[in-house]
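In what follows, a structure is listed as structure tokens, so that the remarks can point back to it.
The values are calculated or read from the model by the stated rules, or taken from the named source; none is laboratory data. If you're wondering where the values come from, they're calculated on a predicted model, not measured in any experiment. Note that each Cβ is placed from the backbone with ideal geometry, even for glycine, and that neighbours are counted across all protein chains shown. Surface accessibility is based on the protein's heavy atoms, side chains included, excluding ligands, DNA and RNA. Shrake-Rupley method; radii C 1.70, N 1.55, O 1.52, S 1.80 Å.
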Amino acid sequence: MLTLVKDTLTSQVVTLWRVFAHLWVKADTVEYPDVQPYMFPRWRGRIILSRDPDGEERCVACNLCAVACPVDCIALQKTEDEEGRWYPEFFRINFSRCIMCGFCEEACPTNAIQLTPDFEMAEYVRQDMVWEKEDLLIDGTGKYHDYNFYRVAGKKIGGKDKGEAQNEAVPVNVRSLLP
Amino acid sequence: MTFEVGSGLSIAVILTTVIVVAAMLIWVERRLLGFWQDRLGPNRVGYFGLLQVVADMIKIFTKEDWIPPFADKFSFVLAPAIIMSVILLSFSVVPFAPGVGVVDSNIGVLFVLAMASLGAYSVMLAGLSSDNKYALLGALRAAAQMVSYEVFMGISILGVVALSGSFNLREIVLAQTDGWYIIPQFIGFVIFLIAGVAESHRLPFDIPEAEQEICAGYHTEYSGMKFGMFFVGEYLGLVLISSLITVLFFGGWLGPSFLPPIIWFVLKASAFIAFFILMRAALPRPRYDQLMTYGWLFLLPVSLVNLLVTGVIILSTQ
Amino acid sequence: MAKIVIDGVTYEVNPNNNLLQECLSQGLDLPYFCWHPCMGSVGACRQCAVKQYRDEDDKDGMLVMACMTPASDGTIISIEDEGAKSFRSEVIESLMISHPHDCPVCEEGGECHLQDMTQMSGHNYRRYDKKKVTHRNQYLGPFISHEMNRCIACYRCVRYYDNYAGGTDLSVQASHHHVYFGRHEEGTLESEFSGNLVEVCPTGVFTDKVFSEHYSRKWDLQTAPSVCVGCSVGCNTAPGERYGSLRRIVNRYNSEVNGYFLCDRGRFGFDFVNSEERLLEPIQRKQGKAELLTAAQIEVSIQQFSSAETIGIGSPRASNESNFALRCLVGDDNFYAGCSDAEYESLGVILALAADAAFHSPSVREIEQADAVLILGEDVTNIAPRIALALRQSVRNKAKELADENRIPQWQDAAVRELAQHERSPLSILSPAVSRLDDVASERIIDSLPNLIAFGHQIANKISDSAATAVSASSEHDDTLALIAQQLLRAKRPLIIAGNSNGGELIKAAANIAKALQEKNDDAGIDLCLLVPEVNSLGMGMLVDPANKLGAALARLQDGDAKRLIVLENDLYRRATATEVDAALEKAEQILVLDQLPTRTTAKADIVLPATAFSEHEATYINYEGRAQLSFQVNKCQKMAKPSWRWLNAAEHIDDLVQRCCNEAKGFTKLSEVLPADNQFVAGMKVPRQSHRYSGRTAMIANINVHEPKQMVDDESIMSFSMEGVPSQKDSTILASSWAPKWNSNQSISKFQDEVNGELKQGHTGILMFEKSTSVGAYFEPPVNSLTAAEKQLHLAFGFQIFGSDELSARCKPIQARMTDAYVGISPEDAQSRNLVQGDTVTISGTDSNVTVCIRTGIKTGTALLYCGEGSLNPAEFSEFIEIEKCEKQSASLGMRNLILSDLQDEDKSS
């Protein structure tokens, strides 16, 4: 009985003391937004569409981001300019569904779609969370500065003829008899 | 008008101070809890969040004064008024300092106990009139808890009364000039402390309100200022119990003369308030049956023995 | 059956096949490129290497190409052998050396056999650091894009295009790593089957240009099994929809009908579904103003029409259900045929012959098995194109026979061709003009229609004396006719093809030939393939009473005997003369027309109800051989269009309607068998129309409303409009888009076949509706030829074009790019005597129609071949003989520009 009383009391007193001692422990609270947290460059926040170093849209509407998206929140339609360059006719992300998993960025073969450290995306109206290409497209290259998909790809586009891509020989003359 | 015991000015000042202190305790408690839980607590409104109370007041005053259609309207409104009034009335017999107080009653201790008993009505009425199962459960618990712990509370004070030979609180303070009753009446103090917490149903004995079990207990249906009165009433109770401990066991305003007596009183009472908040931060809530068993099977015998021993010692030393 | 061991497991296989085919039949994954189930092996790509062991003690083995090795009894091979694996990965590495970094911007991406095989072979990094070989592309017409950089030189395209489909304008050029697959110069690919290059090419060299204009990846297309409505063959298709518009059509395998290939009309003629002209709202015209009708108003009007005074005209391009629903509404007596009287008469002959025990109506696969073919007066390439492709395979039966004699396996494609050279099974064509099959024809007679009919009867008489002969104008072809009769008699599986495009007499002559053969051979039934013009000509013919011709309906309306008229998906101005139709429509008090696109008939209607297109409703069609096939709905029409049967019968479920048609309509007893049985589905789950990778679900319509609507429910079929459900692994009949793990391309179909080229697992290939009687009918009497052509008059024969003759596909932009104007084809002699040159405009006397003249040597002097265009000329307006006069006005806009060039070449040679 006495032991029980003693143990109970000790336990309560020790608990009280330990909690009291937290008076001298520094608070964990981060005082956002007065204090802005450090955002890592690879943070997976707001999604943007970037441009290649020549200032053209990087997105070629290949649909890989859309199919990689686990919540199916990306929808786009391919179209083509007169010279054969592919680009999205529309590109829509429903951010109210997006889970910022970054699979779209992983899937993108042209470094067009990128996640940025911006996480302040709250809206009062859910409809405002649906972003179109005009809202997503930025003027710069984003995280990857030098990559230009069409410089590597074999497809002919305006300003780049067959055989002018990286590591390409001039087009073959099929009429030639030379070996 | 002079500032003396029982004067109108004195009454006004004490009433205002007590209510303001109780209101400020909302902020104090939240900040202290914050510190003890490694966070900051409210710090956005005013310096250090001091104006948080004002913000809360604005909010609580502008809220819809809603009475559930199924409630018994009269008793529903009456209940929060009772708790406020009985606790404020209890403050009338508390001697804050020489010359500071409302009345010097010869039956001060009994008055406090009487008022505390009345407080049980408030809680019971609130729970009954709400016509809500959680409220009723809360009220049942509160009634049982308050009635039970009043017994030990009363018995634990009797040691002090016996030592001082008076029910007058001011005389009890003066009787401690040679030594605070905490020393001869340590057991009485501990029982009083525990019973006090249970009487004001603060954590860890907030069983009548236990959010996790019964929503918010007897005041589940309350909102707006009527809830505010229960809320402030709880803090008033906290101030009252701290003041009584100071008066009964820690020599009231007595202390070295480099500080004025009222300051001593405030300091002592504040320490106990802080202690109560620390208990809230640190201790978990017992089960309802544990609380009752503990009271009747442990506190009651111990308090009786304490009274008996005190009596024996007093008689033998006369 | 032979037993072979693959990686330690014993399999029972067919020893007449090669190892690759048998591995695939067993469901094993073995990469390949140049082999194609329909084209045999050439061993060009070296991708299907496996280790073969002499016996169980042989631990080293040797590398062999599975496609070049027979699956003979006791063969022991290993696919998983490290040596074979590394060989395959090195082969693909070298194939990929110059492959461009194009996948994201390649239409083939995601359904690319090269992608699949690269993955399967384990190549993933280009170690070769020298420059990639590049090529310039060619313009190949409105259907096909060319991207030569992507080529891996498997030779499948030329083997398909030249050897299989008989094209002449795609070839392989240059040599070594400069090898180039293209035309000798830029220009439209001439073959009517060029679209199959898209599916034959294992990578993205040949891609679908029409699809690319509104491209979506394969996995994003909502797909359902469908049936092509372009002609009466009823090829199985898989149309794909995205964002509410139909995007493309690809082949859907059906072993009995289309196999792996479609014609270009079927593949590219779907755009009318997305047409801006589409009728999409129910309207009523009052005093020239069109008002939108409410549902209640429509119900009232339909009830008004269900009286005895209403005439219903069916449609050969509408489904059985729609025709039947109309028949139920107006009653059997008031339900009339929706085709010209002449066509309907010959349709009656065809239906009568279908029940005759002397004949067997062959499926496309059976046509491929014929070893002697006679085409009597029918332009198969332009009327039932897929059959023309099958006929090109039938002439190879001689080569196969030779191969068997020389003990060369039939799958040894190059060897068999080398052996056969120009040896072909006999294919005789008797026609009023040159045809696109002439290059494989053994005998070819071009003459006027009356003479062709007479020739037919003469052949029948030469086979069996019981058949009456006929007198023809000349006897110059007697030897040829005797030869044809001999060839047909000698053949193991002779086939006679005729059709009703130029009246019923040719059909009777063809039937006589078949009957004579049956008499001589005493076979179960001689293959007699009778072609009809439209997708459901037979279905409609079976539902309409034989007496209820269109002419009778128009006459009743004109007499005031009937007051109201319902026209089901039909333009009467294509079926009867404008005078007759005008007179009838004028008299009718109320005209209700259901159709998909505005026509001259809808313009005259009081009420127009929008009907859904083939991809927007579930329907059954009956093809030329009496095969009933079920076509599923691909997507819901977002506007107010409904299936015609739904407008006419608001309450009934389609399955109940089919069941009722089955019970009530004569000859339809087996129709309900096409419906999938409920017990074929896992836990009663529906079959998803969307692939398991379908993307964009929560964003597709988020621009309209971010709150996603409930998934559309399909009450009518066993398919769902979502990804939910269990894919049709169990019943391959409902397999729209084939996909198997590791096999994203259409080559995955082998996973769903019983064996390669075999039937689909657990599915059915359609239900044959005709029930044969046990009796054999009598011979037909040859017609008495009373009329002779006056001076300057020309015998008229109707010509057809694959691009243009079909009403609906002619309203598609890609098809229009290949269409020609209406023309009248005459011989150079006739042109000279009338002082006409190529491209002149002429007036056909007796009508006010101006048409372009097309002078061709392949037309008999004295005969005119009239192609009526997409509807600018009405065939009903013309009699047996026409006169043409030169007209100064130049009317044509398209001219002959799009007539297939090689057709005109014989003309070029003569000038």
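Inclusion of C:PRO533 among residues that are open to solvent by 30 Å² or more (accessible area, probe 1.4 Å), of a type outside the set (Asp, Glu) and under 21 Å from the mean Cα position of the chain (by Cα) is warranted.
Looking at C:ARG575, C:ARG556, which one is modelled with pLDDT of 90 or more, crowded, with 23+ Cβ neighbours inside 10 Å and of a type in the set (Lys, Arg)?
Details: C:ARG556 fails: crowded, with 23+ Cβ neighbours inside 10 Å.
Every option except C:ARG575 fails the conditions.
The residue of the stretch C:45-84 that is farthest from the other protein chains (Cβ to nearest Cβ), among those that are assigned to a helix (DSSP H, G or I) and touching a helix residue (DSSP H, G or I) at 6+ places or on another chain (Cβ under 8 Å), is C:ALA66. For the stretch C:425-478, the set of residues classified as in contact with an Asp or Glu (Cβ under 9 Å, 6 or more places away or on another chain), of a type in the set (Gly, Ala, Ser) and over 22 Å from C:GLU781 (Cβ atoms) consists of C:SER425, C:SER428, C:SER431, C:ALA433, C:SER435, listed by residue number. Number of residues in the stretch C:699-734 that are free of Cβ contacts under 8 Å to residues at least 12 places away in the same chain, surrounded by fewer than 22 Cβ atoms within 10 Å (Cβ to Cβ) and within 14 Å of chain A (Cβ to nearest Cβ): the value is 8. Could you list, in sequence order, all residues of the stretch B:32-66 that are open to solvent by 30 Å² or more (accessible area, probe 1.4 Å), out of contact with any Leu (no Cβ under 8 Å at 6 or more places or on another chain), within 14 Å of chain A (Cβ to nearest Cβ) and on the phi < 0 side of the Ramachandran plot? Residues satisfying the conditions are B:GLN37, B:ARG39, B:LEU40, B:ASN43, B:ARG44.
Just checking, does the stretch A:94-113 include any residue being touching a residue at least 60 places away in the same chain (Cβ under 8 Å) and either facing chain C (nearest Cβ under 10 Å) or touching a helix residue (DSSP H, G or I) at 6+ places or on another chain (Cβ under 6 Å) (or both)? Yes; the residues of the stretch A:94-113 include at least one that is touching a residue at least 60 places away in the same chain (Cβ under 8 Å) and either facing chain C (nearest Cβ under 10 Å) or touching a helix residue (DSSP H, G or I) at 6+ places or on another chain (Cβ under 6 Å) (or both). Filtering the stretch C:212-229 to residues that are in a loop (DSSP other than H, G, I, E, B) and open to solvent by 10 Å² or more (accessible area, probe 1.4 Å) leaves C:HIS214, C:CYS228, C:VAL229.
Looking at this structure, is B:MET115 crowded, with 19+ Cβ neighbours inside 10 Å and either without any contact (Cβ under 8 Å) to a residue 40 or more places away in the chain or over 30 Å from A:TRP24 (Cβ atoms) (or both)?
Numbers: crowded, with 19+ Cβ neighbours inside 10 Å: yes; either without any contact (Cβ under 8 Å) to a residue 40 or more places away in the chain or over 30 Å from A:TRP24 (Cβ atoms) (or both): yes.
Here the answer is yes, as B:MET115 does meet what is asked.
From the residues in the stretch A:79-89 that are more than 8 Å from chain C (Cβ to nearest Cβ) and open to solvent by 40 Å² or more (accessible area, probe 1.4 Å), which one is nearest to A:LEU115 (Cα to Cα)? Residue satisfying both the conditions and the ranking: A:TYR87.
Here's the yes/no breakdown for (1) open to solvent by 10 Å² or more (accessible area, probe 1.4 Å); (2) touching a Gly at 6+ places or on another chain (Cβ under 8 Å):
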position	(1), (2)
B:PHE167	yes, yes
B:LEU203	yes, no
B:GLU209	yes, yes
B:ILE214	no, yes
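The residues of the stretch C:474-488 that are touching a helix residue (DSSP H, G or I) at 6+ places or on another chain (Cβ under 6 Å) and open to solvent by 30 Å² or more (accessible area, probe 1.4 Å) amount to a single one, C:ALA482. One residue alone among C:GLN458, C:GLN421, C:GLN393, C:GLN412 is under 23 Å from C:SER363 (Cα atoms), not assigned by TED's automatic domain parsing to the domain that holds C:ARG267 and not charged (D, E, K, R), and that residue is C:GLN393.
For C:ASP830, the conditions (1) over 15 Å from C:GLY230 (Cα atoms); (2) in contact with a Pro (Cβ under 7 Å, 6 or more places away or on another chain); (3) surrounded by 20 or more Cβ atoms within 10 Å (Cβ to Cβ) are fulfilled apart from (2).
Hey, which of the helices (runs of 4 or more DSSP H) in the stretch C:278-395, taking only ones fully inside, have at least 2 residues that are of a type in the set (Ser, Thr, Tyr)? Break it down into steps so the answer makes sense when it comes.
Working: elements: C:295-305, C:320-330, C:341-354, C:364-368, C:380-383, C:385-394.
Answer list for the stretch C:278-395: C:341-354.
Residues in the stretch C:735-771 that are open to solvent by 90 Å² or more (accessible area, probe 1.4 Å) and either among the hydrophobic types (A, V, I, L, M, F, W, C) or modelled with pLDDT under 85 (or both): C:GLN762 alone. Filtering the stretch C:399-425 down to residues that are open to solvent by less than 30 Å² (accessible area, probe 1.4 Å) and not in a helix (DSSP H, G or I), which residue is nearest to C:LEU488 (Cα to Cα)? Within the stretch C:399-425, the match that is nearest to C:LEU488 (Cα to Cα) is C:SER425.
Each residue in the stretch B:226-263 was checked for being hydrophobic (A, V, I, L, M, F, W, C), over 15 Å from B:LEU113 (Cα atoms), without any contact (Cβ under 8 Å) to a residue 60 or more places away in the chain and surrounded by 19 or more Cβ atoms within 10 Å (Cβ to Cβ), and 0 of them qualify.
State whether one or more residues within the stretch A:22-45 are within 14 Å of chain C (Cβ to nearest Cβ) and either surrounded by fewer than 20 Cβ atoms within 10 Å (Cβ to Cβ) or under 30 Å from A:TYR147 (Cα atoms) (or both). Outline the logic, then answer.
Step one: of the stretch A:22-45, the residues within 14 Å of chain C (Cβ to nearest Cβ) are none.
No.
Check whether at least one residue in the stretch B:253-260 is at pLDDT 85 or above and hydrophobic (A, V, I, L, M, F, W, C), and report yes or no. Within the stretch B:253-260 (the criterion being at pLDDT 85 or above and hydrophobic (A, V, I, L, M, F, W, C)), the answer is no, since none of the residues qualifies. Filter the stretch A:114-161 for residues that are part of a strand (DSSP E or B) and within 11 Å of chain C (Cβ to nearest Cβ); which is modelled with the lowest pLDDT? Filtering first and then ranking leaves A:ILE157.
Beta carbons closer than 7 Å, at least 6 apart along the sequence or on distinct chains, pair a first residue in the stretch A:134-147 that is under 18 Å from A:ARG44 (Cα atoms) with a second that is exposed (fewer than 11 other Cβ atoms within 10 Å of the Cβ) and modelled with pLDDT under 95 for A:LYS143/A:PRO41.
Restricting the stretch C:97-129 to residues that are among the hydroxyl-bearing types (Ser, Thr, Tyr) and either at the interface with chain A (Cβ under 9 Å from one of its Cβ atoms) or assigned to a loop (DSSP other than H, G, I, E, B) (or both) leaves a set whose member that is most open to solvent (accessible area, probe 1.4 Å) is C:TYR125. Any residue at all in the stretch C:783-805 that is open to solvent by 40 Å² or more (accessible area, probe 1.4 Å) and more than 25 Å from C:ILE884 (Cβ to Cβ)? The answer is yes, given that some residue of the stretch C:783-805 is open to solvent by 40 Å² or more (accessible area, probe 1.4 Å) and more than 25 Å from C:ILE884 (Cβ to Cβ). Within the stretch C:829-866, the set of residues being of a type in the set (Ser, Thr, Tyr) and within 26 Å of C:LEU430 (Cβ to Cβ) comprises C:SER833, C:THR857, C:THR861, C:THR863.
Within the set C:VAL300, C:VAL349, the sole residue that is more than 22 Å from C:LEU808 (Cα to Cα), modelled with pLDDT of 90 or more and surrounded by fewer than 24 Cβ atoms within 10 Å (Cβ to Cβ) turns out to be C:VAL349.
The number of residues in the stretch B:127-164 that are closer than 21 Å to B:VAL93 by Cα, at pLDDT 85 or above and open to solvent by 60 Å² or more (accessible area, probe 1.4 Å) comes to 1.
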